[in-house]
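Throughout, read-outs are computed from the coordinates displayed, never taken from laboratory work. Bear in mind the structure is a predicted one, so any value in this text is a computation, not a measurement. Every residue, glycine as well, gets a Cβ built from its backbone with ideal geometry; the counts of neighbours run over all protein chains shown.
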Amino acid sequence: MTLHNRKRFIRSWTSASQSTFHLHYPLMEIDPMESATAASEKNRASEAADSRLGSWVAITVALLATFLGVCKVKDDNLVQSMQQAQADKLDHWSFYQARNLREEVAKATLVQLNLSEVTAQDPQVRSNYRDAITNYERLVADQASKKEELRLLAEADQRHYNELNYHDDQFDLADALIALAISLLALTALTHKKWLYWIALIPTLLGTIMGSAGLFGWHLHSEFFARLLS
């Protein structure tokens, strides 16, 4: 085969191979506008999802802040009532000690009067001792009665303080849980992770329940967390 014929054969074979390739594997034309549109729609969908998540976070934080403010007002009033109950209890116990001291002094005086009456010879003196003994017996009974009243009042003050402290612990737990929830919501706003928002709803729900228990006087309490925070 001459050189000229060889070149003609190669050109013919190359042309036939290209025709066969295009027949079996047609070329796909890529539209750049279509790719840009798809990418833009995907970005818009992602931005819309992030915007909805941001709205949820903002609304949740606003509601938590409002609820926490209401709980704060109630908790401050509880703390003032606790201070007053504590002061009343101390006052009543102080008066109790004073009544107790008066009773003991009156009893000691009564013993001395009884001994003096026994040794007295003059009937008039014995009559005077008897009058004094009667007065001191009334004084002892009066002090004992008033002392008992003060003891009951002091114990009532302690029970009242414990009841207020019970609800104050509920508000403390609510504060801690809501603070944790707000921290998780802040992380959600930064990371745009939806699953983190759902996790943040757990302390949100628990904090709302504990705060409502403090507001409405429900008997719902956690001794473990109360000891942990006390």
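Observations
- Label-to-label distance for HIS219 and ALA179 is 3.0 nm, based on points extended 7 Å past Cα in the beta-carbon direction.
- Cut-off 12 Å, label 7 Å out along Cα→Cβ of ALA144, residues of region 92-112 by amide N: 103-104, 107
- You can think of it this way: the chain between LEU187 and ARG126 has 12.9 nm of extra reach, that is 0.36 nm per residue less the Cα-Cα gap.
- Inter-probe distance in nm under a simple model that places probes 7 Å from Cα toward Cβ, at GLN80 and ILE202: 3.8 nm
- Inter-centroid distance (Cα atoms) of region 133-171 relative to region 61-81, Å: 32 Å
- Pairs of lysines in region 76-222 whose Cα atoms sit within less than 20 Å of one another amount to 4, provided the residues are eight or more positions apart or on different chains.
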